[in-house]
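One structure is given below, encoded as structure tokens.
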Amino acid sequence: MNETAAPTGPADPTTPTDALPVPARTPRVHYAWVVAGVSLLVLLGSAGFRSTPGLMMDPLHTEFGWSMATISSASSVNLTLYGLTAPFAAALMDRFGVRLVVVCALLTISVGAGLTMLMRQPWQLVLCWGVLVGLGSGSMAGAFATTITGRWFRARQGLVTGVLTAAGAAGNLVFLPLGAWLVEQHGWRSAVVVVSLAASAVAVPVLLLMRERPADLGLFPYGATEPPPAPAGGERVLARSLRVLRQAARSRAFWLLAGSFAICGATTAGLVGTHFIPAAHDHGLPVTTAAGLLALIGVFDVIGTVASGWFTDRFDAGRLLIVYYGLRGLSLLVLPQLFAGSLEPPILAFVIFYGLDWVATVPPTVALCRRHFGEDAPIVFGWALACHQIGAAVVAGLAGFARDALGDYDLAWYAAGGLCAVAVLLCLALRSGGAERTAPAPS
């Protein structure tokens, strides 16, 4: 590890990094890897918490008689707030610190999940799981990973972004089988209790181990040979988030990235993440088996996303996105023919193929944000993620209505395949527009 530590004590976070003493020794393990490990745990938990509503749809429908569209509305609110919170969370982390924001987010999830046990009306589901869990999980969204990699890493940024993004899939891998077993054996309330307790538990290592910047420990970022520019200070969170959005919105690149990323959300978290389990159950597949398949998608998503991060460090990010969206669209177009009442090789083939592509789009999208928007990339990516989640929310709701009206999800799968073709066209337009970087607006 080629980073070095200063012989003095921890630096004041407000001290400009170019005022730090020249590092004099090389630590065995750069603290960036500790911060990345804590971030990985946070993102694992956040993804697992968000996966629970898909397991609850059939039990809530059975117990309360609520329609799939009604239950889906809570997921839509959750997904929307998850996205809209991200750009403000990135600015909040700059202003108040990563540790404080993440701990508050985890406790918000814990409260929201715990209160779900007491609900009796649909609006209470929307409030608890839609609003509270949505706000909490949104504060630990992709903008969090982008902030961590941007502050702590100069080398291996693509790889670390891929690993942190893959934590979402790994979280599903842990929580979905456990949640499905709890729902089947002990009812849906047992699953939300586990979510509430786990969210509180994850806050402990954040409090103990998270640090804000390498300068706090007298370090340069991993892979850096000189101090980074001093962070800008003093600008209000809301003002900065909106300023960055105004500046980014003048760029053609932002709208192409945001549009393609909205389709990414629609065709992953919105459709597959929310409706794969009930869709498989419609064809006679047991809920636990369907949850296991969704978790298996997470296994291959880990592989695909880490590989995508490695590819992003070596190949053109725009070309990678074109390939990813094209392959995803093809897999969704054939999915309606693959469902069966038992576990068959064709659905396993889909799980592997689709899983490798699930969020492989994130590392190249982050790289393109950095290329075009520089130091504002975490907030710009936060706004792109807001579009991602709005796309997910719209499709989560529409798919629920389609299921209620048509009796199956076939139209939703075909429409998602068509949307992926649109994403390919947007990425082609992005590449044809060049790689000019958008200058930051004056503060």
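Against the definition (over 28 Å from residue 41 (Cβ atoms), open to solvent by less than 10 Å² (accessible area, probe 1.4 Å) and among the aliphatic types (A, V, I, L, M)), how does residue 106 come out, yes or no? Reasoning before the result, please.
Numbers: over 28 Å from residue 41 (Cβ atoms): no; open to solvent by less than 10 Å² (accessible area, probe 1.4 Å): yes; among the aliphatic types (A, V, I, L, M): yes.
In short, no.
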Filter pass, residue 393 being of a type in the set (A, V, I, L, M), surrounded by 14 or more Cβ atoms within 10 Å (Cβ to Cβ), closer than 18 Å to residue 262 by Cβ and at pLDDT below 85
yes
Please give the number of the condition residue 50 fails out of (1) part of a loop (DSSP other than H, G, I, E, B); (2) open to solvent by 50 Å² or more (accessible area, probe 1.4 Å); (3) modelled with pLDDT under 75.
(1)
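Before we move on, is residue 204 under 22 Å from residue 37 (Cα atoms), at pLDDT 90 or above and open to solvent by 20 Å² or more (accessible area, probe 1.4 Å)? Spell out the reasoning first.
Details: under 22 Å from residue 37 (Cα atoms): yes; at pLDDT 90 or above: yes; open to solvent by 20 Å² or more (accessible area, probe 1.4 Å): yes.
Yes.
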What is the residue count in the range 343-361 for residues that are outside any helix (DSSP H, G or I) and aliphatic (A, V, I, L, M)?
3
Evaluate the following for residue 419: is it surrounded by 16 or more Cβ atoms within 10 Å (Cβ to Cβ), at pLDDT 85 or above, within 21 Å of residue 265 (Cα to Cα) and touching a Leu at 6+ places or on another chain (Cβ under 8 Å)?
no
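Filter the range 377-390 down to the residues that are open to solvent by 20 Å² or more (accessible area, probe 1.4 Å) and either within 20 Å of residue 75 (Cα to Cα) or free of Cβ contacts under 8 Å to residues at least 40 places away in the same chain (or both) and list them by number.
To start, the set of residues in the range 377-390 that are open to solvent by 20 Å² or more (accessible area, probe 1.4 Å) comprises 378, 383, 387, 390.
Listed by number, the residues that qualify are 383, 387, 390.
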Is it the case that the range 164-181 has a residue that's surrounded by fewer than 19 Cβ atoms within 10 Å (Cβ to Cβ), modelled with pLDDT under 75, part of a helix (DSSP H, G or I) and within 19 Å of the chain's Cα centre (by Cα)?
yes
Leading residue by the ranking (modelled with the lowest pLDDT) among those in the range 422-443 that are in a helix (DSSP H, G or I) and open to solvent by 40 Å² or more (accessible area, probe 1.4 Å)
432
Which listed residue, of 83, 114, is open to solvent by 10 Å² or more (accessible area, probe 1.4 Å) and of a type outside the set (A, V, I, L, M)
114
So residue 120 fits all but one of (1) modelled with pLDDT of 85 or more; (2) open to solvent by 60 Å² or more (accessible area, probe 1.4 Å); (3) part of a helix (DSSP H, G or I); what number is the exception?
(3)
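Residue 328 - would you say it is surrounded by 24 or more Cβ atoms within 10 Å (Cβ to Cβ), in a helix (DSSP H, G or I) and modelled with pLDDT of 90 or more? Walk me through it before giving the result.
Working: surrounded by 24 or more Cβ atoms within 10 Å (Cβ to Cβ): yes; in a helix (DSSP H, G or I): yes; modelled with pLDDT of 90 or more: yes.
Spelling it out, residue 328 is indeed surrounded by 24 or more Cβ atoms within 10 Å (Cβ to Cβ), in a helix (DSSP H, G or I) and modelled with pLDDT of 90 or more.
If you scan the range 123-157, which residues turn out to be in a helix (DSSP H, G or I), of a type in the set (Gly, Ala, Ser) and surrounded by fewer than 24 Cβ atoms within 10 Å (Cβ to Cβ)? So that I can check it myself, show each step before the final result.
Within the range 123-157, the subset in a helix (DSSP H, G or I) is 123-138, 142-152, 157.
Adding the requirement that they be of a type in the set (Gly, Ala, Ser) leaves 130, 134, 136-138, 142-143, 145, 150.
Once the filter is applied, which keeps residues that are in a helix (DSSP H, G or I), of a type in the set (Gly, Ala, Ser) and surrounded by fewer than 24 Cβ atoms within 10 Å (Cβ to Cβ), the range 123-157 yields only 150.
Matching residues to (1) open to solvent by less than 30 Å² (accessible area, probe 1.4 Å); (2) within 28 Å of residue 163 (Cβ to Cβ); (3) within 21 Å of the chain's Cα centre (by Cα):
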position: 224; (1), (2), (3): yes, yes, no
position: 259; (1), (2), (3): yes, yes, yes
position: 263; (1), (2), (3): yes, yes, yes
position: 279; (1), (2), (3): yes, no, no
position: 307; (1), (2), (3): no, yes, yes
position: 310; (1), (2), (3): no, yes, yes
position: 318; (1), (2), (3): yes, yes, yes
position: 321; (1), (2), (3): yes, yes, yes
With (1) open to solvent by less than 40 Å² (accessible area, probe 1.4 Å); (2) part of a helix (DSSP H, G or I); (3) not aliphatic (A, V, I, L, M) as the list, and residue 99 as the residue in question, which single condition is left unmet?
(1)
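The values are calculated or read from the model by the stated rules, or taken from the named source; none is laboratory data. Owing to the predicted nature of the structure, the values given are computational and were not obtained by experimental measurement. All Cβ positions, even for glycine, are placed from backbone atoms using ideal geometry, and neighbour counts span all protein chains on display. Ligands, DNA and RNA are stripped out before the accessible areas are found, and what is left, the full protein with its side chains, is counted by its heavy atoms. Shrake-Rupley method; radii C 1.70, N 1.55, O 1.52, S 1.80 Å.
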